[in-house]
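Report on the following structure.
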Amino acid sequence: MSLYTDKVMDHFENPRNVGVIEDADGIGEVGNPLCGDIMKMYLKVEDDRIADVKFKTFGCGSAIATSSMATELIKGKTLDEALELTNKAVVEALDGLPARKIHCSVLAEDAIKAALVDYYNKSGKEMPESLVGFEPHED
Ligand code: FES
């Protein structure tokens with residue numbers, strides 16, 4: 001039996017929202033120093049909603065699957081809803097990940113948060129409390 005659920009395999013093999021948004025309103029890049037994987041998220045924001053989101057992930061299959069699912073979960077949502085996305089919700093939406101791969105989903109949550117921080121910095125809008133002092137996880 002595969003370690004990975006059908007949903008993980010689907011999002012790994014057919015990742016959604018791969019690419020770059022040239023005129024992005026927010027860009028977040030995070031990496032995990034232990035495995036060396038890197039994730040970059042691009043956000044387009046309109047009327048306080050995630051009008052578009054794309055990602056580039058240089059990383060393992062789980063990093064690609066979690067990036068893909070994370071983008072699907074925030075697309076069209078409000079900024080506040082996007083802000084609440086947790087790695088746990090991403091893992092649940094994928095029907096689970098092996099324990100050793102949970103950190104890959106943390107990278108997805110952090111990449112979105114980093115892109116939101118960049119959006120608030122660039123737009124000059126007031127940074128939500130929960131993003132003030134945001135630091136990506138180290139492992
Ligand atoms: Fe590092 Fe998956 S092994 S993000």
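Observations
- Of the residues making up the stretch 26-41, those that are within 10 Å of the ligand (Cβ to nearest atom) and acidic (Asp, Glu) number 1.
- Selection from the stretch 110-132 of residues that are touching a strand residue (DSSP E or B) at 6+ places or on another chain (Cβ under 9 Å) and either hydroxyl-bearing (Ser, Thr, Tyr) or closer than 20 Å to residue 57 by Cα (or both): 110, 111, 112, 113, 114, 115, 116, 117, 118, 119, 120, 123
- On the stretch given as the stretch 1-47, residues that are surrounded by fewer than 17 Cβ atoms within 10 Å (Cβ to Cβ), among the aliphatic types (A, V, I, L, M) and part of a strand (DSSP E or B) total 2.
- Residues (within 16 Å of the ligand (Cβ to nearest atom) and surrounded by fewer than 15 Cβ atoms within 10 Å (Cβ to Cβ)) located in the stretch 48-87: 58
- The one condition from (1) part of a helix (DSSP H, G or I); (2) of a type in the set (D, E, K, R); (3) under 23 Å from residue 11 (Cβ atoms) that residue 118 does not meet is (3).
- Residues that are under 16 Å from residue 59 (Cβ atoms) and not in a loop (DSSP other than H, G, I, E, B) within the stretch 92-109 comprise 100, 101, 102, 103, 104, 105, 106, 107, 108, 109, listed in sequence order.
Read the figures in this text as sums done on the coordinates, not as results from a lab. All figures in this text were calculated on a predicted structure; none of them were measured in a lab. Because the Cβ atoms are built from the backbone with ideal geometry, glycine has one as well, and the counts that use them run over all protein chains shown.
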